[in-house]
Amino acid sequence: MPPSRRMLSPAAAALKIQLLWDLKNGRIQQLLLEPARHSDARSPIAVDQAEAGTLLVYDLGYFDVDRFAARDRHQTRLVSRF
């Protein structure tokens with residue numbers, strides 16, 4: 001495939017953005033660029049601790065029963081697409 005067409009190919013993605021956004025305050029708390037093939041579930045954003053009473057919204061890529069149980073023990077709540 002010619003280089004000009006490779007850039008348009010879905011397989012050409014090299015990076016993805018991981019974002020931790022505080023909607024209540026309207027601030028970005030953390031922004032990471034990671035390899036496109038890196039697992040969302042292993043992202044540092046997915047494992048950082050949150051304050052008690054925090055509501056977290058996770059996409060399906062972050063689904064991990066052990067992480068969710070730990071969040072419950074720390075009195076944080078979450079919503080996941082699963």
### Query
If the label point is 7 Å along Cα→Cβ of K16, which residues in the stretch 52-82 have backbone nitrogen under 14 Å from it?
58-64
### Message
Could you derive backbone 3J(HN,Hα) for the stretch 26-37 from the dihedral phi with the Karplus parameters 6.51, -1.76 and 1.60 (θ = phi - 60°), listing whole Hz in sequence and x where the residue is Gly or Pro?
### Response
x, 10, 7, 8, 8, 9, 10, 9, 10, x, 4, 8
#### Entry: Shape call, the stretch 18-82: gyration tensor on alpha carbons, a/c limit 1.5
oblate
### Task
Mind listing the long-range amide H neighbours of L78? Cut-off is under 5 Å, sequence gap 5 or more, other chains count too, H placed in the peptide plane at 1.01 Å from N.
L56
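Could you give the length gained on full extension between N25 and Q75, defined as 0.36 nm per residue of separation minus the Cα-Cα distance, in nm?
Separation in residues times 0.36 nm, less the Cα-Cα distance, equals 16.0 nm.
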### Task
For Q30, enumerate residues with amide H under 5 Å from its amide H, sequence gap 5+ or separate chain, H modeled in the peptide plane.
L20
#### Entry: Surrounding net charge for F63, when Lys and Arg each add one and Asp and Glu each subtract one, Cβ distance under 11 Å
-2
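Any read-out appearing in this document is the output of simple, stated calculations on the displayed coordinates, not a laboratory observation. Computed from a predicted structure; not experimentally measured. So basically every Cβ, Gly included, is an ideal-geometry build from the backbone, and we count neighbours across all protein chains shown.
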